[in-house]
Amino acid sequence: MTATFWAPGRVNLIGEHTDYSGGLVLPIAIHLGIELAVQPAERISLVSEGKAVELSAGGGGDPRGWGRYVAAVAHELAELGRPAVGIEGMVEADLPRGAGLGSSGALEVVVALALCAVAKFQVAPIELAQACQRAEQRAVGVPSGILDQAASLLGREGQALLLDCGTLERRWVELPPQLAILVVDSGERHTHEASGYADRRAELEAGDPRRVRHVAGENARVHETVAALERNDIQALGAIFRASHASLRDDYQVSTPTLDGVVAAALAAGALGARMTGGGFGGSVVAIAERGDADGVLERTLARAGAQGWIVEAAGGARTVASRRRKDSRPGRA
Ligand code: GLA
């Protein structure tokens, strides 16, 4: 049996740096993702871009690089009772790594789906998201939240996921058809291990007023965004996005001059709103525009700043796919 699994990256529309304090997030899954074709095996043997990861079926071994995520997922699933069945297969991705689009979360999720399937082990999607979140923490020691893994597993076509990261209560919010979502990769790469991510979390927990002010404001902005989406008021989103970016830049201090430059370029190019998305310290910007303006806005933004960009649609969450999707995706624009 060969089976192919696919897990999407994500773009968080709003609700940044709120997940690990039990706040609100509003991500979409996107069409860029990671695919894994596997068959059952005695061990875990995976190859990506010519690099191999070799582990025992329960995740034991001495993994490096992306192998740490694979091992950590296997360990977390073993703790949930997954029988130790291995997999052999190949990983392919059209989701850029370190671009703030949830690439490590997508890798964890796709590996988790494959490991569960070969062992006929069933875990509810939200529990799988929690296991993958624990795997992320285990793999790299960064105290990240559940945003990326939940978005990858629970994404729905045409809808954003409204998730309360404290209670895990969730619902999906329909996106207005005239709303275009643009993602611009700044080209500035980051890892949470090397960034100030863990520091920010510690500062928030210590009650730093600026950090707390960001989180309180950002949670309110998630509610405002949902209300604006529900009344199809995409003009109102612009101001909310701009306020979110200012708060991330000035109060939470996770933006960079490069990200600020991409935000400014998007606004100058006619975006209604733009903000950094994801953990920050590099990565991507999410911008919004009227559907009819989107191509021009993206083109003009990329002429001024950023490395690559896409107009993204809210995609369905991680799943089994019939065959390789990769050849369908067009790099640069989709
Ligand atoms: C990263 C983390 C998420 C979340 C965001 C910021 O993507 O993995 O858990 O904290 O940063 O919103």
*Any pair with Cβ under 6 angstrom, 6 or more apart, that starts in the stretch 269-286 at a residue that is closer than 11 Å to G306 by Cβ and touching a residue at least 24 places away in the same chain (Cβ under 8 Å) and ends at one that is away from the ligand (no atom under 12 Å from the Cβ) and of a type in the set (S, T, Y)*: A269/T301
_Cβ-Cβ under 8 Å pairs, at least 6 apart or on other chains, the stretch 8-32 side at negative phi and among the small types (G, A, S), far side in a strand (DSSP E or B) and near the ligand (Cβ under 10 Å from one of its atoms)_ = A29/R10
*Scan R189, R201, R171 and give me the residue that is more than 22 Å from G261 (Cα to Cα) and surrounded by 14 or more Cβ atoms within 10 Å (Cβ to Cβ).*
R201
*Taking V226 as meeting all but one of (1) open to solvent by less than 20 Å² (accessible area, probe 1.4 Å); (2) of a type in the set (A, V, I, L, M); (3) within 16 Å of the ligand (Cβ to nearest atom); (4) farther than 25 Å from A265 by Cβ, write down the number of the exception.*
(3)
*Among the numbered conditions (1) of a type outside the set (F, W, Y); (2) under 20 Å from E16 (Cβ atoms); (3) away from the ligand (no atom under 16 Å from the Cβ), tell me where E127 comes up short.*
(2)
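Rundown of residues vs (1) under 18 Å from the mean Cα position of the chain (by Cα); (2) open to solvent by less than 10 Å² (accessible area, probe 1.4 Å); (3) on the phi > 0 side of the Ramachandran plot, yes/no style:
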{"position": "T4", "(1), (2), (3)": "no, no, no"}
{"position": "E35", "(1), (2), (3)": "yes, yes, no"}
{"position": "I44", "(1), (2), (3)": "no, yes, no"}
{"position": "V47", "(1), (2), (3)": "no, no, no"}
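Does the stretch 52-59 contain any residue that is modelled with pLDDT of 95 or more, assigned to a strand (DSSP E or B) and either within 16 Å of the ligand (Cβ to nearest atom) or open to solvent by 30 Å² or more (accessible area, probe 1.4 Å) (or both)?
Residues of the stretch 52-59 that are modelled with pLDDT of 95 or more, as a first pass: 52-59.
Then drop every residue that is not assigned to a strand (DSSP E or B), which leaves 52-55.
From what is left, the residues that are either within 16 Å of the ligand (Cβ to nearest atom) or open to solvent by 30 Å² or more (accessible area, probe 1.4 Å) (or both) are 52, 54.
Checked against the condition, which is being modelled with pLDDT of 95 or more, assigned to a strand (DSSP E or B) and either within 16 Å of the ligand (Cβ to nearest atom) or open to solvent by 30 Å² or more (accessible area, probe 1.4 Å) (or both), the stretch 52-59 yields at least one hit.
Taking the stretch 113-129 as the search range and keeping residues that are among the small types (G, A, S) and either touching a Phe, Trp or Tyr at 6+ places or on another chain (Cβ under 9 Å) or at pLDDT below 95 (or both), which one is most open to solvent (accessible area, probe 1.4 Å)? Write out each step before concluding.
Step one: filter the stretch 113-129 for residues among the small types (G, A, S), giving 114, 117, 119, 124, 129.
Filter once more, keeping what is either touching a Phe, Trp or Tyr at 6+ places or on another chain (Cβ under 9 Å) or at pLDDT below 95 (or both): 114, 117.
Working: A114: 0, A117: 42 Å².
Among those residues, the one meeting the criterion is A117.
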*asked:* Restricting to the stretch 133-142, name every residue that is within 11 Å of the ligand (Cβ to nearest atom) and modelled with pLDDT of 95 or more.
replied: Q133, E136, Q137
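Among the residues of the stretch 82-108, write down those that are within 16 Å of the ligand (Cβ to nearest atom) and aliphatic (A, V, I, L, M). Please lay out each step first, then the result.
Narrowing the stretch 82-108 to residues within 16 Å of the ligand (Cβ to nearest atom): 95-108.
Hits for the stretch 82-108 are L95, A99, L101, A106, L107.
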*Residues in the stretch 158-167: is at least one away from the ligand (no atom under 15 Å from the Cβ) and of a type in the set (D, E)?*
no
_Contacts under 9 angstrom Cβ, first residue in the stretch 289-315 being open to solvent by less than 60 Å² (accessible area, probe 1.4 Å), partner aromatic (F, W, Y) and part of a strand (DSSP E or B), 6 or more apart_ = L298/W310
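Residues are listed down the side, and each one gets a yes or a no for (1) among the polar types (S, T, N, Q); (2) open to solvent by 30 Å² or more (accessible area, probe 1.4 Å); (3) without any contact (Cβ under 8 Å) to a residue 60 or more places away in the chain:
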position	(1), (2), (3)
P63	no, yes, yes
A71	no, no, no
G86	no, no, yes
M90	no, yes, yes
G102	no, no, no
G105	no, no, no
A131	no, no, yes
V140	no, no, no
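The values are calculated or read from the model by the stated rules, or taken from the named source; none is laboratory data. Please read all numbers here as calculations on a predicted model, not as lab measurements. Heads up, the Cβs are rebuilt from the backbone with ideal geometry, glycines too, and the neighbour counts pull from every protein chain shown. Please note that ligands, DNA and RNA were not included when accessible areas were found on the heavy atoms of the full protein model with its side chains. Shrake-Rupley method; radii C 1.70, N 1.55, O 1.52, S 1.80 Å.
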